[in-house]
Structure formats: structure tokens, C-alpha cells
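Only one structure is covered here, and it is reproduced in the block below.
The values are calculated or read from the model by the stated rules, or taken from the named source; none is laboratory data. All figures in this text were calculated on a predicted structure; none of them were measured in a lab. A quick note on method: Cβ atoms are made from the backbone with ideal geometry, for glycine too, and the neighbour counts reach across all protein chains shown. Heavy atoms of the whole protein, side chains included, go into the accessibility calculation; ligands, DNA and RNA do not. Shrake-Rupley method; radii C 1.70, N 1.55, O 1.52, S 1.80 Å.
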Amino acid sequence: MADDPQTPPSLAETAYKRIEEMIVTRALKPGAMISEKRLADEIQCGRTPVREALQRLRIEGYIEVHPSRGVQVSTIDVFRQFELLEVRRPLEDLMVRLAADRAVVSQRDRMIELAAEITAAAADRDRGAFLRANRAIHELLAQAAHNAILAGSIGALHGLSRRFWYAYIEDQDVFEEAARLHAATLTAAADREIEKASGRARDFLNFLEDLTRKALSERLRHT
């Protein structure tokens, strides 16, 4: 479930988000070996929060732990993305519909802000800002749906798919299209246009599915 915006994140949560961002942006590349000490030094955090973050990342599939070798960044599985999208579609639709219906005024205002933030990040080619805005969008919509079970389920799916789609959006340089689709969803939800918000969210998932199919075709050509 997304953090309560009024509650400061724990050290383990901060470490998790920093390390996840490093993996998603490929600062830590697939297949790379990593160490707790190096990560703790790099993000200026104790080893205990890093260890807790790595345990969470292992459960979510970002890393693999090899007793004799250490911690390794997992490779990206194209086939798994189709399964994730299949599960994500109905949950995403429910989340967006509930958010459009149930969001409070401050959440609707934040939707408009995030629409502008992700659009600006894409225009500026600021990969880090784009990733942070994208995460914030997912967390906000989950919070605005006001359903804790849904927030926990969709949050796990977003985490599992984030690294894949970010890699392929970056490789194909379609940040502006992704930002446009996100912004359209947010704007419709902020305006309580439930059907329109649902349609724009569906457009975004269609976009992700197209990217996944292109990635699979590219992979098959090289096998």
C-alpha cells in the first residue's frame, strides 16, 4: 500500500525506493552483482535498512540472492509482462474509476499537479523526474481510490512492471507519449469524469502492451 503522505518514510522505505530507482533506471544493470556495503555507502544509509530493502526487492523479483556469490540484479522477463498486464487491467480500471469518484479535493489538486510534472519531465528528457512522477501518480491514484486491499494489490503489480516498461520507454524514446497518456488519465479523474478516466487508463495499458509486443518481437529476432 502507498505511504500515508503525512507520515515520513522509514529508513528502510527510503532505501527501498533509492535502490529500486537505481535498478529501474539501470544504474544497477541486469545481471550486476551488488553489495550491502556499497549500497549503504552510496545512498548514505545504514546496512540494516539496506538489508531490509533488499529483502523486499528479492520478494518483488528485482534481485536474486545467491548464497555463494551474493546479490544479483535479476534480468528482465518479457513474457512475464504479458501475465502482469493481464492481471493489471481490471485492477487498474477499478482503481481509476474509484479514484475519479472518491478522491478528496486535495487529491484532485495533486492529480493536476502531477499531470504537469510528468509532462514537463518528459519534455525535459529528465528520466529521474519522470520516474518519480510516475511512481507518485500510481501512489496517488491508489490512495484516492480509498480501498486498502486494492491499493496493496495494484501497488505490487506496479512495482513488478515498472522496471520493464521504463527500460523500453527509454530505449524507444516514447516518454512524451507515456506522459500524455498519464496526464489525460489524471485530468479526467480530477474532473470526476469516470468513464473518460477509465478510457484513458485503458489507452495507457494498450500502449504498454504494444511496447511489450515490440520487445518480444525484438527478442525473438535475436534468438
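Excluding residues fewer than 8 places away in the same chain, name every one of the lysines whose C-alpha is closer than 20 Å to that of Lys37.
Here the lysines satisfying the reach criterion relative to Lys37 are Lys17, Lys29.
Report in % the part of the accessible area of the chain that belongs to carbon and sulfur, leaving out ligands and nucleic acids; probe 1.4 Å.
On the way: 5730 of 11130 Å².
Ligands and nucleic acids excluded, carbon and sulfur give 51 percent.
Find how much the distance from Arg132 to Glu218 grows on full extension, using 0.36 nm per residue of separation minus their present alpha carbon separation; answer in nm with one decimal.
So the extension gain works out to 28.2 nm.
Test of understanding: what is the full-extension gain from Gln172 to Asp203, defined as 0.36 nm times their sequence separation minus their Cα-Cα distance?
9.4 nm
I need the calculated FRET efficiency for the pair Asp101 and Ile76, taking r as the beta carbon distance and R₀ as 30 Å, to the nearest 0.05.
Working: r = 35 Å, r/R0 = 1.17.
With R0 = 30 Å, the Cβ-Cβ based efficiency is 0.30.
What residue among Ile137, Ala179, Ala120 has its Cα farthest toward the positive end of the dipole of segment 93-223, where the charges are +1 on Lys, Arg and -1 on Asp, Glu, each on the Cβ?
About the Cα centre, the residue reaching furthest to the positive side is Ile137.
Per the helix-only calculation at 222 nm, which mean residue ellipticity applies to the chain, given -39500 (n - 2.57) for every DSSP H run of n ≥ 4 and division by its residues, nearest 500 deg cm²/dmol?
Result for the chain, helices only: -25000 deg cm²/dmol.
Among Asn206, Ala167, Ala189, whose Cα sits farthest toward the positive end of the charge dipole of segment 166-209 (+1 at Cβ of Lys/Arg, -1 at Cβ of Asp/Glu, about the Cα centre)?
Ala189
Report relative contact order for the chain in percent, whole number only (criteria: Cα-Cα under 8 Å, sequence separation at least 6).
Reported relative contact order: 26 percent.
Using the crude model of +1 on Lys and Arg Cβ and -1 on Asp and Glu Cβ, and no other charge, please compute the dipole size for the chain relative to its Cα centre, in debye to 20.
Dipole of the chain, to the nearest 20 debye: 560 debye.
Using a simple spin-label model with points 7 Å from Cα along the Cα→Cβ vector, what separation in nm is obtained for Glu83 and His66?
Here the modelled spin labels are 2.3 nm apart.
Just the number please: accessible area per residue for the chain, 1.4 Å probe, all protein chains included, in Å².
Numbers: 11130 Å² over 223 residues.
That works out to 50 Å² per residue.
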